[in-house]
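Asks: A single structure is presented below for examination.
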Amino acid sequence: MTSFRRSVTPYLFIAPFYLLFIAFGLVPLVGSFGMSLFAWRGANPGNFVKFGNYIALTRDPAFWRAFLNTILLWLGTVPTITFLGLVFAVILNSHGVRAKGLFRSTFFLPVLTSLVVASLVFTIIFDPRNGIMAIVFHLFGIPAFDFRTSQFFPVPLITMIVLWRWTGYVVVIQLAGLQTLPQNVLDAATIDGAERAQRFFRITVPLMRPILVFTTVLATIGIFSIFDEPFVLYGTQGGPGEAGIFLGTLMYRNAFEYFQLGYASAIAYVVVGCVFIASTVQLRFGRPSTQ
Amino acid sequence: MGLVRNARVRAAAVGKAPARRSAVDTQRLSSIALHVFLALSALAFVIPYYWLFTSAFKTLPDIQRIPPDLVPRSPTLANFVELLRTTQYSRSILNSVVVASVTTIGALFFCSLAGYAFAKLRFRGRDLLFLAMLATMMVPTVVVLIPNFVMMSRMGLVDTFWPLLLIPVSNSTSVAPPFGIFWMRQYIGSAIHDELLEAARIDGASEFGIYSRIVVPTIGPGLAGLAIFALTLSWNSFLQPLVFLRSPQNLTYPVQLVALQSLTWPLRPTNLIMAGGALSVAPMLLLFVLLQRHFIAGLTAGAVKE
């Protein structure tokens, strides 16, 4: 009896997560794919259309716009945030920098705001009539433009919000990673007279690769499923010319406004595919080299 | 590197060797440059906060003034009073507090229990189960949202808080977030010695007894980090409440703020929105100041120890 109990106990301890995950994670994950093969509007049983929804996606300009915007946002944010994060982390980890804790906390502050509040604040900072950025633009002689009507502006604006909100998070992770590195390797490089930049790219970056990959994968998942910022700024219609539509908001619009659940599920699976491909590539890239 | 080489080439072209200052001078100069760079960056991180909090104390005409005042000319609490009187914002903050508390308490219990099992108990399939759990961290919330919505509405759970507590994938909020289990396993693995557990087992303690009487009391800092992680995630969550909550009295604060924002321009109460935003950030800032160390540990947990 006791030995039976001993052998069952561990499974009881871990059961809550797996039960929840099977019911509200795995079943929906599989169900989502199943639904993407049906033309289903929620009420009546839908028609099985095989890959019809995916084919329809390729003919939907809104989809291509959302896909392009999401890729552009990825390009604008993920490499930038990884690099910026590492630069700040290396600076904060080096000797002779004062008030390290204060800087670290300051960089970290944005992580405390909800993405909704962050986006709302950026709407008034970029207000074309009297936002601070309008004034800065004016100082540099750049004509003020309205982020609500400009077709160029959505991706750069959301890039800025993402960078503001998440850079401090990446800094803190990478700083923690740097502190686990053997300091003597970095010091040895200094004594050899390695230039600062050379040291950074030849020694710090390779040593930090596993952590850089970790933050990149995390950021990639976040960017491909981005929702809060574009929803608050451009709603589900994506503003003028759908310039502010992303895969997350397009899925929401089709699912919860048009009730095209099958079509929306196909969009969700495009997100899964992108995350899977991007993460696999990054994880492979991040494997320690055999030198 | 390229820059350095260019400088040398240019210097050579002018016919001079690059000026060779003493090492100390160069160091001091670059140190000053570094601090200026850090300070300017820090400023960029703080400006949106400054704008949020100052706008919360401005009247609507002052917010719309051209050019804007960098310092509020007549700071007022009127926005907060109006927000709490004329909207359901206090109710939505209360809802957020309830949801965040339940999520956090649940996460503390379920994650530490599972983390203990993964760290210290031996059972068949442990490593495989653990890997499977890590893989669930890569499932974006948007992907499981639609089937969950269909299921929750059939179960009559739409417009209740249940959907905010039950969906355990990567960035969703739930009482058993996989990231929390991962973090507790790492923490318990390094914080508790096996001999202690063995001794208790020989004394005939049950595994749950060991968990509650030996493990929980010794992992305080780990639990604090986890609590902060779960609290921040839940407090700032938007997509789940937006999809699953319906009645005005059930909304959490981010959904309520977006509802205010959706009023079109001449009617949009920007002053109230900023006051609401400030009210929502203030408790997090306070917690951050009080518990800074745990905060950073909690939010970056497990990132480094692979």
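Coordinate-derived values only; no laboratory data. What you are looking at is a predicted structure, and each value in this text was computed from that prediction instead of being measured. No Cβ is skipped: glycine too gets one built from the backbone with ideal geometry, and neighbour counts run over all protein chains shown.
Asks: Between A:LEU72 and B:LEU34, what's the calculated FRET efficiency when r is the beta-carbon distance and R0 is 22 Å? Round to 0.05.
Replies: Calculated value: 0.10.
Asks: Which three numbers, in whole Å and largest first, are the semi-axes of the equivalent ellipsoid of the range A:36-88 derived from its Cα gyration tensor as √(5λ)?
Replies: In descending order the semi-axes read 38, 13, 8 Å.
Asks: Now for a separate question. To the nearest 20 debye, what is the magnitude of the charge dipole of the range A:52-198 about its Cα centre, counting +1 on the Cβ of each Lys and Arg and -1 on the Cβ of each Asp and Glu?
Replies: 300
Asks: For the range A:1-106, which trypsin sites (Lys or Arg not before Pro) are both in a DSSP coil and crowded by at most 11 other Cβ atoms within 10 Å?
Replies: Working: sites: A:ARG5, A:ARG6, A:ARG41, A:LYS50, A:ARG59, A:ARG65, A:ARG98, A:LYS100, A:ARG104; in loops: A:ARG41, A:LYS50, A:ARG59, A:ARG98.
When the trypsin sites (Lys or Arg not before Pro) of the range A:1-106 are filtered for loop state and at most 11 Cβ neighbours within 10 Å, A:LYS50, A:ARG59, A:ARG98 remain.
Asks: Under a no-solvent Debye model with one identical scatterer per Cα of the range B:149-306, what's log10 I(q)/I(0) at q = 0.14 Å⁻¹?
Replies: -0.88
Asks: Can you give me the long-range amide H partners of A:PHE38? Hydrogens built in the peptide plane at 1.01 Å from N, cutoff under 5 Å, separation of 5 or more residues or another chain.
Replies: Close amide H contacts, sequence-distant or interchain: A:VAL49.
Asks: So how much slack lies between B:SER247 and B:LEU70, counting 0.36 nm per residue of separation and subtracting their Cα-Cα distance, in nm? Write down the numbers at each step before the final one.
Replies: Working: separation 177, 0.36 × 177 = 63.72 nm, distance 3.83 nm.
Using 0.36 nm per residue and subtracting the Cα-Cα distance, I get 59.9 nm.
Asks: Okay, moving on. Give, in nm to one decimal, the length gained when the segment between A:ARG202 and A:THR180 is fully stretched (0.36 nm per residue of separation minus the Cα-Cα distance).
Replies: Between A:ARG202 and A:THR180, full extension yields 6.1 nm more.
Asks: Oh, and also: Between A:ILE135 and B:LEU43, what is the spin-label point distance in nm, taking each point 7 Å from the Cα along the Cα→C-beta axis?
Replies: For the pair A:ILE135/B:LEU43, the computed spacing is 1.3 nm.
Asks: So what is the diffusion coefficient of the range A:1-126 in µm² per second by Stokes-Einstein at 37 °C and 0.692 mPa s, using a Kirkwood Rh over Cα pairs? Numbers along the way, then the final one.
Replies: On the way: Rh = 21.0 Å.
Translational D for this selection: 156 µm²/s.
Asks: I've got another one for you. Given a Förster distance of 45 angstrom, what is the FRET efficiency for A:PHE256 paired with B:ARG122, based on the Cβ-Cβ distance and rounded to 0.05?
Replies: Details: r = 46 Å, r/R0 = 1.02.
Efficiency for this residue pair is about 0.45.
Asks: If you don't mind, another one. Suppose R0 equals 45 Å; then what is the FRET efficiency for B:LEU134 and B:THR59 from their Cβ-Cβ distance, rounded to the nearest 0.05? Before the final figure, lay out the partial values.
Replies: Values: r = 51 Å, r/R0 = 1.14.
With a Förster radius of 45 Å, E is 0.30.
Asks: Determine the relative contact order of chain A: mean sequence separation of Cα pairs under 8 Å and six or more apart, normalised by residue count, in whole percent.
Replies: 29
Asks: Relative to the compact-globule scaling 2.2 N^0.38 Å, provide the ratio for the alpha-carbon radius of gyration of chain B. Don't skip to the answer; put the middle values down first.
Replies: Details: Rg = 26.2 Å, N = 306, 2.2 N^0.38 = 19.4 Å.
Normalised Cα radius of gyration, chain B: 1.35.
Asks: Let me ask something else. Once phi is turned into ³J(HN,Hα) by the Karplus curve 6.51 cos²θ - 1.76 cosθ + 1.60 with θ = phi - 60°, what whole-Hz value does each residue of the range A:118-135 show in order, with x for glycine and proline?
Replies: Taking θ as phi minus 60°, the curve returns 4, 5, 4, 5, 5, 5, 7, 5, 9, 4, x, 8, 9, x, 4, 5, 4, 5 Hz for the range A:118-135.
Asks: With all pairs of different alpha carbon atoms counted, what Kirkwood hydrodynamic radius in Å does the range A:212-257 show?
Replies: Value: 11.1 Å, from the Cα pair sum.
Asks: Please compute the average number of Cβ atoms from other chains found within 10 Å of each residue's Cβ in peptide A:79-88. All intermediate terms of the calculation are to be shown ahead of the outcome.
Replies: Values: counts 0, 0, 0, 0, 0, 1, 0, 0, 2, 4.
Across the residues of A:79-88, the mean count of other-chain Cβ atoms within 10 Å is 1.
Asks: Roughly what would the spin-label model give for A:PHE33 and A:LYS50, points 7 Å off Cα along C-beta, in nm?
Replies: Result for the modelled spin labels: 1.8 nm.
Asks: Cα convex hull of chain A: how many Å³ per residue?
Replies: Each residue corresponds to 226 Å³ of Cα convex hull volume.
Asks: Can you sort B:THR26, A:THR204 from fewest to most other Cβ atoms within 10 Å of each residue's own Cβ? Please list the in-between numbers first.
Replies: Working: B:THR26 11, A:THR204 20.
Listing B:THR26, A:THR204 from fewest to most nearby Cβ atoms yields B:THR26, A:THR204.
Asks: If you take the Cα atoms of the protein assembly as shown, find Rg, then find the Kirkwood Rh from the mean of 1/r over all pairs, what is Rg/Rh?
Replies: Reported Rg/Rh, Kirkwood definition of Rh: 0.99.
Asks: Which whole number gives the average, over all residues in A:204-211, of C-beta atoms from other chains lying within 10 Å of the residue C-beta?
Replies: Partner-chain Cβ atoms within 10 Å, mean over residues of A:204-211: 1.
Asks: Which aspartates and glutamates have a Cα less than 18 Å from the Cα of B:LYS120, not counting those fewer than 8 places away in the same chain?
Replies: Once the sequence-local aspartates and glutamates are set aside, what remains near B:LYS120 is B:ASP194, B:GLU195, B:GLU198, B:ASP203, B:GLU207, B:GLU306.
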